[in-house]
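Novice: Here it is: the structure, laid out below.
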Amino acid sequence: MSRSGLDSVGFLGFVPLFGHIVLAAIIRFFTFPFRTVRSTTLSNDVYNAAIRCAIHRITIAQSRYLYSGASESYLAHCKKANIAPQTVEVEGECGKIDAYWIGNPDAETVILYLHGGGYTIGPSTVYFDYMSRLLADLNDRKSRRSVGVLFVAYTLAPEGTHPTQLREAVIVLSYLVTKTGRSPSEILISGDSAGGNLAIALLSHILHPHPGVVALKLQRALAVALL
């Protein structure tokens, strides 16, 4: 995944952002008594103002400077968990798409996960840590079907324009069905934030194919969508 623009950021690139955040917090601090719409406490009101300012002002390059790419986060998670990385390179129309296994690749049920991040930033290690804990809980009982997660590292925007992300999600889902021999009924589609939007787009595409993306015909329905 490309992370263009990072070299031009650095620490000094955050000075204007920090300045705006501090100014927003100071203004909120002194105007708190005169506001009719505000948080219940002064500290919460100032904190919320600072967060709103940061979200409004931060650039894509700054966000990527703070958050590692998908590959870096996945490898860091594997190192911390002392497990071997299991990366899959799925051949797509415009090159290879990276996907990362969490848990057993031969699991009976697979969660195809699409991460959030506004389509512009990659997942942090928190995603992979959470998925590992989730799988530990789901696979705790032997009476249940085993579950694994395939995490899609779709191309980020603005490098990848619409419908690049949808196209890649379709290709990875097709890979699960055709290359691993899984029935669609053994596959769960899941995602958060932008990933949730992409999951819905994927389901919509199956029913009403996007003209710019290869149609995907499934012989059976997918298990479920978790958003």
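The values are calculated or read from the model by the stated rules, or taken from the named source; none is laboratory data. Given the structure is predicted, the values throughout are model-derived calculations rather than measurements. Ideal geometry is used to build each Cβ from the backbone, glycine not excepted, and the neighbour counts take in all protein chains shown.
Novice: Only one of (1) within 27 Å of residue 145 (Cβ to Cβ); (2) out of contact with any helix residue (DSSP H, G or I) (no Cβ under 7 Å at 6 or more places or on another chain) is not met by residue 99, so which one is it?
Specialist: (2)
Novice: Out of (1) at pLDDT 95 or above; (2) surrounded by 15 or more Cβ atoms within 10 Å (Cβ to Cβ), the odd one out for residue 47 is which?
Specialist: (2)
Novice: Which condition from (1) under 30 Å from residue 148 (Cβ atoms); (2) assigned to a loop (DSSP other than H, G, I, E, B) is the one that residue 77 breaks?
Specialist: Of everything listed in (1) under 30 Å from residue 148 (Cβ atoms); (2) assigned to a loop (DSSP other than H, G, I, E, B), residue 77 misses just condition (2).
Novice: Cβ-Cβ under 6 Å, sequence separation 6+ or interchain: first residue in region 133-157 and within 17 Å of residue 201 (Cα to Cα), partner part of a helix (DSSP H, G or I) and among the hydroxyl-bearing types (Ser, Thr, Tyr). Which pairs?
Specialist: Once the first residue is within 17 Å of residue 201 (Cα to Cα) and sits in region 133-157, its partners that are part of a helix (DSSP H, G or I) and among the hydroxyl-bearing types (Ser, Thr, Tyr) give 155/164.
Novice: Moving on. With respect to residue 150, is the statement that it is modelled with pLDDT under 95 and hydrophobic (A, V, I, L, M, F, W, C) true?
Specialist: On the way: modelled with pLDDT under 95: no; hydrophobic (A, V, I, L, M, F, W, C): yes.
No.
Residues checked against (1) small (Gly, Ala, Ser); (2) assigned to a helix (DSSP H, G or I); (3) modelled with pLDDT of 95 or more:
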| site | (1), (2), (3) |
| --- | --- |
| 144 | no, no, no |
| 172 | no, yes, yes |
| 188 | no, no, yes |
| 196 | yes, yes, yes |
| 209 | no, no, yes |
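Novice: State all residues of region 84-119 that are out of contact with any Phe, Trp or Tyr (no Cβ under 8 Å at 6 or more places or on another chain), buried (at least 17 other Cβ atoms within 10 Å of the Cβ) and assigned to a loop (DSSP other than H, G, I, E, B); if no residue qualifies, say none.
Specialist: Once the filter is applied, which keeps residues that are out of contact with any Phe, Trp or Tyr (no Cβ under 8 Å at 6 or more places or on another chain), buried (at least 17 other Cβ atoms within 10 Å of the Cβ) and assigned to a loop (DSSP other than H, G, I, E, B), region 84-119 yields 103, 107, 119.
Novice: Name every residue in region 125-142 that is surrounded by 20 or more Cβ atoms within 10 Å (Cβ to Cβ) and either in contact with a strand residue (DSSP E or B) (Cβ under 7 Å, 6 or more places away or on another chain) or not in a helix (DSSP H, G or I) (or both), in order of residue number. Spell out how you get there, then give the answer.
Specialist: So in region 125-142, the residues surrounded by 20 or more Cβ atoms within 10 Å (Cβ to Cβ) come out as 127-128, 131.
Correct list: 128, 131.
Novice: Filter region 60-89 for residues that are without any contact (Cβ under 8 Å) to a residue 40 or more places away in the chain and of a type in the set (S, T, N, Q); which is nearest to residue 102 (Cα to Cα)?
Specialist: So the residue we want is 86.
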